[in-house]
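Written below as structure tokens is the structure these notes are about.
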Amino acid sequence: MKSIYLDVLIVLNIYVNFFLLRATARFTHTPLKTSRCVVSAVIGSVFSLTILLPLSNFFAVLAIKLIAAAVIVAAAFGIADKRQTLKLILYFYIVNFVFAGVIMVLYLTFKPSFMAFNNSYFYVDFSLISLVVFTAVGYFAVTAVRYFMDKGCDTSHHFKVIIRYQSDIFSVDALADTGNSLVDSFSGKPVIICPSESFKRFEEVYDEITAENAVNLYENYGIRLIPYSTIGNSGLIAVFSPDEIIITDEETGKKFKAEALIGINPKDTPAIFNPKILC
């Protein structure tokens, strides 16, 4: 192919970046607003212009890809939590690498006249309808894979959630329930709902957990308030970020390290977590 049209290149990569971000969000169970996904995809499309650069150094190309991944992920998901951000960058880079690998194989195998590949970016000169169909099929495939992975999560077992927070260690009986879909929109982490009686260190502030005291709660106890909604009920729930969470399957003995927030439930019930945390 002798010519590369910049408008086609930009539009193509906006679509591809949108798909890659959605795939990353799907695999990590991280919420992603459509508006942020679109903006991030547009920002990422700018990096596709490096296809025009005469780069031959592998490390230079790798550095550009790493920088691009970090910028795109930060724009899409934010950088509230460093560990979560690094995890998202890793997943985004893996998805990107696999996708680019497939395109590279097609390019080297068939050498199509309508495709160009350089600096790990590709250019395909085809119709917009074909592009939409291609993206939809790809996202459907990723969704199907994630669905079957989640389906393999066994929710019938009994679990125990072990929480380490500063000098304290809490152990709470827990149930896996898909009904708990609560996610903190700020950090992107799921929330494990635990009974308040498990956390004796917070007893003195239970009566002070109100929206008016939100700043004081966070500064003195590391507690934040986030909105929740259930059938016929909604409000604010107190959450905190522990140093470590281990979920143990009481029947198999398997242990899972979880990245989540702990929500404080005033009712005396077992802890409830979404089984997707285990997958």
Self-check item: Flag for Cys194 being modelled with pLDDT of 75 or more and either in the same structural domain as Ala74 (by TED's automatic domain parsing) or not in a helix (DSSP H, G or I) (or both)
Solution: yes
Quiz prompt | the stretch 223-253, subset touching a His at 6+ places or on another chain (Cβ under 9 Å) and surrounded by 12 or more Cβ atoms within 10 Å (Cβ to Cβ), residue nearest to Gly179 (Cα to Cα) | solution = Asp249
Quiz item: Within the stretch 231-256, how many residues turn out to be more than 15 Å from Asp81 (Cβ to Cβ) and either under 23 Å from the mean Cα position of the chain (by Cα) or part of a strand (DSSP E or B) (or both)?
Solution: 12
Quiz prompt | Residue in the stretch 78-98 that is at pLDDT 65 or above, under 19 Å from Val11 (Cα atoms) and surrounded by 13 or more Cβ atoms within 10 Å (Cβ to Cβ) present | solution = yes
Exercise. Give the residue that is nearest to Ser40 (Cα to Cα), with candidates limited to residues of the stretch 11-27 that are buried (at least 24 other Cβ atoms within 10 Å of the Cβ) and hydrophobic (A, V, I, L, M, F, W, C).
Key: Leu21
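The values are calculated or read from the model by the stated rules, or taken from the named source; none is laboratory data. The structure displayed is predicted, hence computed values, not measured ones. Glycine also receives a Cβ, built like all others from the backbone with ideal geometry; neighbour counts cover every protein chain displayed.
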